[in-house]
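A.B. asks: Sharing a structure with you now.
The values are calculated or read from the model by the stated rules, or taken from the named source; none is laboratory data. Predicted model, so just to flag it, every value in this text is computed and none were measured. Cβ: placed from backbone, ideal geometry, glycine included. Neighbour counts: every protein chain shown.
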Amino acid sequence: MTASAYSPAVWAGLLGTPLLIATGQVLFKLTSGTTGDFGLKGLAALAFNPLLLLALAIYGAGTVIWIFVLKAVPLTIGYSFMALTFCFVPLFASLFLGEALTLRYAVGAFLIIGGMLVINT
């Protein structure tokens, strides 16, 4: 099956799963700013941290979606889309955390997307 034959739902999963994973990463980073010391008390507080629970729910949703995507797409093709997380995470970190984007990031993202095009065409 060629990439053009995939349904809109499969395409949504191929692109949406990396977006969900990237969102979870930003939430993990935000969670880290609210965490106490590594110990029983800190771990107990972390277990009920709403940011962590949201991050885990988003990761879980992404995983479930991914399983259904893999029904329709060979792993060798589908997994290349997970490389988009390396593009989305720094972009989200810039937008939501104020982290800097550099020329090195832009070149890396360009190479990742170029690699995806090579793999998927």
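A.B. asks: Kindly list, by first and then second residue, each pair from a residue in region 19-47 that is in a helix (DSSP H, G or I) to a residue that is modelled with pLDDT under 85, limited to pairs with Cβ atoms under 7 Å and residues at least 6 apart or on different chains.
C.D. replies: Between residues of region 19-47 that are in a helix (DSSP H, G or I) and residues that are modelled with pLDDT under 85, the close pairs are GLY42/THR35; GLY42/GLY36; ALA45/GLY36; LEU46/THR35.
A.B. asks: Mind telling me which of the residues PHE68, PHE86, PHE92, PHE110 ends up being hydrophobic (A, V, I, L, M, F, W, C) and closer than 18 Å to PRO8 by Cα?
C.D. replies: Criteria check complete, one pass: PHE68.
A.B. asks: Applying the selection to region 83-110, what residues are surrounded by fewer than 18 Cβ atoms within 10 Å (Cβ to Cβ), under 24 Å from GLY62 (Cα atoms) and among the hydroxyl-bearing types (Ser, Thr, Tyr)?
C.D. replies: Selection gives SER94 alone.
A.B. asks: Right, something else. Could you list, in sequence order, the residues of region 45-69 that are within 26 Å of THR121 (Cα to Cα) and either among the basic types (Lys, Arg) or within 16 Å of the chain's Cα centre (by Cα) (or both)?
C.D. replies: Hits for region 45-69 are GLY62, THR63, ILE65, TRP66, ILE67, VAL69.
A.B. asks: State which residue is surrounded by the fewest Cβ atoms within 10 Å (Cβ to Cβ) when the search covers only region 58-82 and only residues that are free of Cβ contacts under 8 Å to residues at least 60 places away in the same chain and of a type in the set (A, V, I, L, M).
C.D. replies: Ranking the candidates gives LEU75 first.
A.B. asks: Moving on to the next point. What do you reckon, is ALA100 in a helix (DSSP H, G or I) and of a type in the set (Gly, Ala, Ser)?
C.D. replies: no
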